[in-house]
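S.K.: Sharing a structure below in structure tokens format, with a few things to ask.
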Amino acid sequence: MDFYGFYTGKVFDAYEYLGAHRAGEGWIFRVFAPSAARVTLLGEFTDWIEYEMNRVNDGNFFEVYVDHGKDGEKYFHRIYNRSGGYTDHCDIYGFGMELRPDHNSVLRDLNSYRFNDGKWLVARSDCRDKPLNIYEMHLGSWCRKEDNSWYRYDEIADSLISYVKEAGYNYIEFLPLSEHPCDESWGYQNTGFFSPTARYGTAAQLMELIDKLHQNNIGVIMDFVPVHFAIDAYGLRNYDGTALYEYPNNAVGVSEWGSCNFMHSRGEVRSFLQSCACYWLKEFHFDGIRMDAISRIIYWQGEEARGVNGNGVDFIKTMNKGIKERIPHALLFAEDSTNFQNVTKPVDWGGLGYDYKWDMGFMNDTLNFFRTAPEYRSDNYHKLTFSMMYYYNESYILPFSHDENVHGKATILQKMNGQYDDKFPQGKALYLYMYMHPGKKLNFMGGEIGQLREWDESREQDWDILKYPKHDSFNVFMKTLNKLYLTHSAFYEQDYRNDGFRWLDCDNTANCIYAIERKSSKETLIAVLNLGDTEKEYSVEGYKKSKLLLHTDWNKFGGDTPDNCKFGLTEFTLPKFSGVLLQVE
């Protein structure tokens, strides 16, 4: 490891030096703890007797070699402070941990698994002119065993692959899979940043899951949390008896979630986080990472009124540029709800270096519109057109994520105005609008079956609702729309070019009708949406031929329109809360 680079925040491979690594028949253990008086190692392979770790290099690192030890055996570090006390810590660079509430580290040999996804790795890209349809999921509550226990990474692989392919998604985004002590944090408050959570198995089993997904042409993204960490004493907090990773001042050191904020001005912290991001991308073959809550890095405590945190912005730029230099096809996603400029411009062009930014404005405006009663929608008509006023400022992805399905916010389908029967046609119209809007797509699990119960991490999705016709037909609609998206280039080829999108009708406030055109080098698609609560007559001019690809009101989707209905561009009828998709010439 480049030690000067480590201290100055330029290192992206610290995990290759620090942590526990197989060395011949034994293991080499290394710790960075500059303020520690001494550090010892205890583990199953030492009979839980303290092994003294020796100061090495500049004296800020500790090291010991143990000539035995088996993959899967437990260990921890005892870090003595200069007042004579000590705290037992997990290995914060360790590659495995015990299942909560236990928290010892676990020996894991990352070289024990051999990937077979070379063809996928060579072919992958940033997807700017390709379809990117993401199925966001929490692995532990997607599907469970009969006794409500979790499936292992490798156990769930085949059923997950089959489901995602049939549903029409080509990427999966996992909520954080790094180790965390509290189920209810969903992985967003970590203790083991380099440890795949033991809830679902080992590092090798996670590698197998990703490998199999790639062999089935499914990309894999993981949420990554570079903002804050859990307060548990065995983790990063006061690691060497001092605030090594966090701010020493609670005014900026404690997050809104009660966790510890990383101090991004410290080189050692930067090297830790950058190395962690590269670790998941390189060692596990993740195709991308979505960085959570980066507004809390850009602005002090995430509040624009407090001003820009220059060190935080510099950290983001250095990290993203360094990742791209090392893993050019890594996809970098920013969750940022602020108006900070140039988030998706390359660093060398003055930007933050992300590939995509979540369009939170689109999400909020769209869902607020569909919450609105039909009699007030004319007054709110331009909630669905406003996003295109700023859309080309960044490379956006359109997210209906886990955050919109929990904590009293209601699920996506629940948000639709009106009673049960009216929610389904509006949900179908919502998703047709979303897929016609420029930008890559992300939908949280359960949305595709019209789930009406808020997400709960302690139980699986309500798969049994598919026995009800309305939910089953809604699911058929979502599968059809997803597969149309994957196979029609007008949906995605020119997502970020002005000539790929055109409003055909965006001022029809009285009728609450919208018409959109999307183009690619091969085809032209149009969609017409009636988002009012009465049937409307409509016509489209300027095209010679049309082919009806989808009608949200078809019988097979639970509507009243025959699946084989004749459809032309002039004087057609749109039922309430409905939309049509046509291929035109």
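Read-outs throughout are calculated quantities, based only on the coordinates presented, and are distinct from any laboratory measurement. Predicted model only: the values in this text are computed from it and were never measured. No Cβ is skipped: glycine too gets one built from the backbone with ideal geometry, and neighbour counts run over all protein chains shown.
S.K.: Roughly how many nanometres apart are two label points built 7 Å out from the Cα toward the Cβ at residue 393 and residue 145?
M.R.: 5.0 nm
S.K.: While we're here: Please give the length that would be gained between residue 22 and residue 215 if that part of the chain were fully extended, namely 0.36 nm times their separation in residues minus their C-alpha to C-alpha distance (nm, one decimal). Write out the running numbers ahead of the final one.
M.R.: Values: separation 193, 0.36 × 193 = 69.48 nm, distance 2.86 nm.
This chain segment gains 66.6 nm when fully extended.
S.K.: Still on this structure, I have one more. With r as the distance between the Cβ atoms of residue 342 and residue 421 and R0 = 35 Å, compute the FRET efficiency 1/(1 + (r/R0)^6) and round to 0.05. Don't skip to the answer; put the middle values down first.
M.R.: Values: r = 46 Å, r/R0 = 1.31.
Given R0 = 35 Å and the Cβ-Cβ separation, E is 0.15.
S.K.: Hey, what do the phi angles of the stretch 242-251 turn into as Karplus ³J(HN,Hα) couplings, whole Hz, using 6.51/-1.76/1.60 and θ = phi - 60°, x for Gly and Pro?
M.R.: 9, 6, 7, 10, 10, 6, x, 9, 5, 4
S.K.: Let me ask something else about it. Over 23 Å between C-alpha atoms is what I'm after, so list which of 130/165; 212/357; 383/479; 547/576; 145/479; 282/317 land there.
M.R.: Checking Cα-Cα distances, 212/357; 383/479; 145/479 exceed 23 Å.
S.K.: Another question, then. Would you mind classifying the stretch 469-585 by shape? Square roots of the alpha carbon gyration tensor eigenvalues, ordered a ≥ b ≥ c; an a/c under 1.5 is rounded, otherwise it is prolate if a/b is larger than b/c and oblate if not. The partial results should precede the final answer.
M.R.: Working: a/c = 1.63, a/b = 1.18, b/c = 1.38.
Oblate.
S.K.: Using the charge dipole of the chain (Lys, Arg: +1 at Cβ; Asp, Glu: -1 at Cβ; taken about the Cα centre), state which of 569, 398, 344 has its Cα farthest towards the positive end.
M.R.: After comparing all options, I get 569.
S.K.: Now, a different point. Would you mind ranking 375, 517 by Cβ crowding within 10 Å, fewest neighbours first?
M.R.: In increasing order of surrounding Cβ atoms, one gets 375, 517.
S.K.: Rounded, prolate or oblate, given the Cα gyration tensor of the stretch 351-394, with a/c below 1.5 counting as rounded?
M.R.: Details: a/c = 5.97, a/b = 2.58, b/c = 2.32.
It comes out prolate by the Cα gyration axes.
S.K.: Would you list 369, 224 from fewest to most Cβ contacts within 10 Å? Present the calculation step by step, with values, prior to reporting the outcome.
M.R.: Numbers: 369 21, 224 25.
Ordered by Cβ neighbours within 10 Å, fewest first: 369, 224.
S.K.: Could you give the size of the charge dipole of the chain about its Cα centre, using +1 on the Cβ of each K and R and -1 on the Cβ of each D and E, expressed in debye and rounded to the nearest 20?
M.R.: Details: 62 positive and 84 negative charges, 253 e Å.
Roughly 1220 debye, rounded to the nearest 20.
S.K.: Between [x] 27.0; [y] 25.5; [z] 29.1, which entry matches mean projected area of the Cα convex hull in nm² as derived from the coordinates of this structure?
M.R.: [x]
S.K.: In what order do 257, 358, 150, 48 fall by count of nearby beta-carbon atoms within 10 Å, going from fewest to most? Don't jump to the answer; show the numbers that get you there.
M.R.: Details: 257 16, 358 25, 150 21, 48 11.
So the residues, fewest neighbours to most, are 48, 257, 150, 358.
S.K.: Okay, moving on. Give the shape of the stretch 1-118 as rounded, prolate or oblate, defined through the alpha-carbon gyration tensor: a ≥ b ≥ c are the square roots of its eigenvalues, a/c under 1.5 means rounded, and otherwise the shape is prolate if a/b is larger than b/c and oblate if not. Numbers along the way, then the final one.
M.R.: Working: a/c = 1.71, a/b = 1.14, b/c = 1.50.
Oblate, because a/c is 1.5 or more while a/b does not exceed b/c.
S.K.: Sticking with this one: Grab the Cα-Cα distance for residue 10 and residue 505, subtract it from 0.36 nm times how many residues apart they are, and report the gain in nm with one decimal. Write down the numbers at each step before the final one.
M.R.: Values: separation 495, 0.36 × 495 = 178.20 nm, distance 5.10 nm.
173.1 nm is the gain from fully extending residue 10 to residue 505.
S.K.: Helix-only estimate, please: 222 nm mean residue ellipticity of the chain, summing -39500 (n - 2.57) across DSSP H runs of length 4 or more and dividing by its residues, to the nearest 500.
M.R.: -7000 deg cm²/dmol
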